[in-house]
Amino acid sequence: MFLLENFMIAVASLKSNKVRTFLTMLGIIIGISAVITIMTLGEIGKSNISKQFEGVGANKVGIYLNWTSNSVKKDFLTDSDINKIRNVFKNEITYMSPVLMGDMGKAVKKKESGDVIMMGVNPDYKALEKVNVIKGRFLNQSDLDKRRSVSVIDKKLALKLFKRVNVVGETLKVESTNLKQSFTIIGIYEKKPQLFDSIFSKSTSVYIPIVFSNNDNEYDQLQLQISKDSETNLMSKKIIKFIARIKGKENLYIAETAKNQIELINNILGTISTGISIVAGISLLVGGIGIMNIMLVSVTERTKEIGIRKALGASRSDIVLQFLTESMIISAIGGIMGVFIGLSISNIIAILLKASPVVPVWIVLIAVSFSAMVGIGFGIYPANKAAELDPIEALRYD
Amino acid sequence: MIEVKNLYKIYYRGENEVQALKNVSLSIKEGEFVAITGPSGSGKSTFMNILGCLDKLTFGEYILDGVSIQERTEKELSKLRNSRIGFVFQSFNLIPRVSALKNVELPLFYARKTKNQRRERALELLEKVGLSDRVNHMPNEMSGGQTQRVAIARALTNEPSIILADEPTGNLDSKSGSDIMNILKKLNDEGVTVIIVTHELEITQKCKRTIIFKDGELVQDKLTSC
């Protein structure tokens, strides 16, 4: 009851100086919203990246040529190398596809054109990358064996060139620096929207039989899936060792697992968001100093009032409570507004990046309690100063 | 009720010491109407501040209601100021930007009374000082006389046994001043002890007892016929 009334008195007093109150609050609003924005964006990044890799699977391994200045043609993997790997690890590898990522090219249809990346793959690639074929079919072994010039294209490309989705049977003309060729479209796939899609990839992937991408059947990249999740790291090391043996060179290829990548990205994100949070935290500190400054001014301005209140029977703690309530209201309202603004900004950014929005409760709790602490921490000194005023001196003050 | 024995108040300004009050002894009984007077700098205001528990004495003893003030904690002193003593100041000292009603309610707020209790009592007192129609006015919307009447109402809220008035009519015209004196006199008739610090002869004549200070010493303590 008494606390409530104290609260009302504090609100009234803050209201009598609206502009000043708001400006003081602004420090806290900016500080808290900055902290919330950064930390929430960090969380959004983490959870979306994890989600993305869940789709890919933690048992996926990419084997890449470790390019150096000494790399020579015979370091590439050949069909026979791949067959050797397949035979030796036939129980451990569920799917395997060499991948040849071609140059950027343009798919043309009359006046329309779309940027494409030609991806030479084999039929296993569909299962490896969980390619979602919505019309027609994916590449099969006979496409490869018979060297059919067929392609599987993105729904977005189909819509762009043909203005419709089901374009199975149509012809796709592709032009790039190395390649000028037509492919019969045999399938349409649809890709789940992914984080950063909107920023980076205007171009879509066109899957073609790998035999078309290079005639020498030499590959620098191999995608494969290990049958047991738990053996992913172990098996990828074994495969690397095996390749070293058949190629007669150590450290020729490196393995990258989805797990490694998640950890790496999470580490980077974590470091970045911690760094920026510290800066944002400093701005919160500055906001707190602003509160203290204004409360000190307010105590000086109201010296006489404090004297009157003391003469009327206000105890030390009554005065402390009065001023502390004011600073806490400033920081609490500032904190709540900051949380609201921070969550809005970060989630708008998330939506713009096509990531799923996140409201991390723990961050909100930390921010609100932190701003309350700022209110108490920076309010206690001015409040004490007010309470310690000598009533006689205070009453004489003009 | 008030018992002061060999009271000294000394201010230390660097090396110098200033004796604001020297060896003052007196007692004031319940229901008295006392004027404390003397030239400026005579120590009368300092004496009043000590009586009001706003200031501390340096030596001597001040016994209020049978208990020595030195033995009281700061919290107890706040409580005494809140419930036993009502202050009336020369410059009124209402809290600005707060209505007359809220100003009168304030001592009750510090006495932790409920909102309804406070309102009821404050309205009753504002009526008593003739300001029923100024309840929601702000201090800057009232004349000096009205403001001082609000201050008296505020001094009375917790039914104090002593009213300490420091030059209550000093900032008022003679008409308002005599209104205020009449209110104080009426309160005294109702049994409240009233102590007025003043340098106006006219006011001392309205009081039953006059105490004169000079250079920090009590030089005269006489009953006035009125």
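The values are calculated or read from the model by the stated rules, or taken from the named source; none is laboratory data. Remember, predicted model here, so these are calculated numbers, not experimental data. Glycine gets a Cβ as well: all are built from the backbone with ideal geometry, and neighbour counts include every protein chain shown.
Within segment A:225-239, residues that are over 10 Å from A:I93 (Cβ atoms) sit with their Cβ atoms under 8 Å from residues that are surrounded by 14 or more Cβ atoms within 10 Å (Cβ to Cβ) and among the small types (G, A, S), at 6+ positions apart or across chains, in these pairs: A:D229/A:A58; A:T232/A:A58; A:S236/A:A255; A:K237/A:A255.
Listed here are the residues, each with its yes/no results for (1) under 19 Å from A:L3 (Cα atoms); (2) in contact (Cβ under 8 Å) with a residue 12 or more places away in the chain; (3) part of a helix (DSSP H, G or I); (4) away from chain B (no Cβ under 14 Å).
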residue: A:I306; (1), (2), (3), (4): yes, yes, yes, no
residue: A:S317; (1), (2), (3), (4): yes, yes, yes, no
residue: A:K354; (1), (2), (3), (4): no, yes, no, yes
residue: A:P357; (1), (2), (3), (4): no, yes, no, yes
residue: A:G375; (1), (2), (3), (4): yes, yes, yes, yes
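The residue of segment B:107-133 that is surrounded by the fewest Cβ atoms within 10 Å (Cβ to Cβ), among those that are within 14 Å of another protein chain (Cβ to nearest Cβ) and out of contact with any helix residue (DSSP H, G or I) (no Cβ under 8 Å at 6 or more places or on another chain), is B:N116. In summary, strands (runs of 3 or more DSSP E) completely within segment B:183-226 and bearing 2 or more residues that are without any contact (Cβ under 8 Å) to a residue 24 or more places away in the chain occur at B:217-223.
Among the residues of segment A:327-348, some residue qualifies, meaning at least one is more than 27 Å from A:V374 (Cα to Cα) and away from chain B (no Cβ under 14 Å).
Number of residues in segment B:66-106 that are facing chain A (nearest Cβ under 7 Å), in contact with a Ser or Thr (Cβ under 7 Å, 6 or more places away or on another chain) and part of a helix (DSSP H, G or I): the value is 2. Restricting A:V286, A:V299 to residues that are away from every other protein chain (no Cβ under 14 Å) and either surrounded by fewer than 16 Cβ atoms within 10 Å (Cβ to Cβ) or of a type in the set (D, E, K, R) (or both) narrows the list to A:V286. Residue count for segment A:121-142 under the criterion of being at pLDDT 90 or above, among the charged types (D, E, K, R) and not in a helix (DSSP H, G or I): the result is 2. With the checklist (1) crowded, with 16+ Cβ neighbours inside 10 Å; (2) among the aliphatic types (A, V, I, L, M); (3) at pLDDT 90 or above in hand, flag the one item A:V174 doesn't pass. Status for A:V174: all satisfied but (3).
Tell me, yes or no, whether segment A:229-243 has at least one residue that is of a type outside the set (D, E), within 14 Å of another protein chain (Cβ to nearest Cβ) and in a helix (DSSP H, G or I). Within segment A:229-243, none of the residues are of a type outside the set (D, E), within 14 Å of another protein chain (Cβ to nearest Cβ) and in a helix (DSSP H, G or I). One residue is enough: does segment B:45-66 have a residue meeting the conditions surrounded by fewer than 21 Cβ atoms within 10 Å (Cβ to Cβ), touching a residue at least 60 places away in the same chain (Cβ under 8 Å) and under 28 Å from A:N17 (Cα atoms)? The answer is no; no qualifying residue exists. Evaluating A:Y95 against the criteria (1) assigned by TED's automatic domain parsing to the domain that holds A:D220; (2) within 30 Å of A:L269 (Cα to Cα); (3) crowded, with 17+ Cβ neighbours inside 10 Å; (4) touching an Asp or Glu at 6+ places or on another chain (Cβ under 7 Å) leaves one unmet condition, (2).
A quick yes/no check of all residues on (1) in the same structural domain as A:G136 (by TED's automatic domain parsing); (2) farther than 30 Å from A:A367 by Cβ:
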{"residue": "A:I210", "(1), (2)": "yes, yes"}
{"residue": "A:E218", "(1), (2)": "yes, yes"}
{"residue": "A:A244", "(1), (2)": "yes, yes"}
{"residue": "A:Q261", "(1), (2)": "no, yes"}
{"residue": "A:V297", "(1), (2)": "no, no"}
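Across segment A:240-278, the qualifying residues are those that are of a type in the set (A, V, I, L, M) and without any contact (Cβ under 8 Å) to a residue 24 or more places away in the chain, and the one among them that is surrounded by the most Cβ atoms within 10 Å (Cβ to Cβ) is A:A244. Restricting attention to segment A:361-397, report how many residues are more than 14 Å from A:G338 (Cα to Cα) and out of contact with any helix residue (DSSP H, G or I) (no Cβ under 7 Å at 6 or more places or on another chain). Final tally of qualifying residues: 7. Just so you know, in segment B:199-224 the residues that are under 12 Å from B:F33 (Cα atoms) and polar (S, T, N, Q) include one that is surrounded by the fewest Cβ atoms within 10 Å (Cβ to Cβ), and it is B:Q205.
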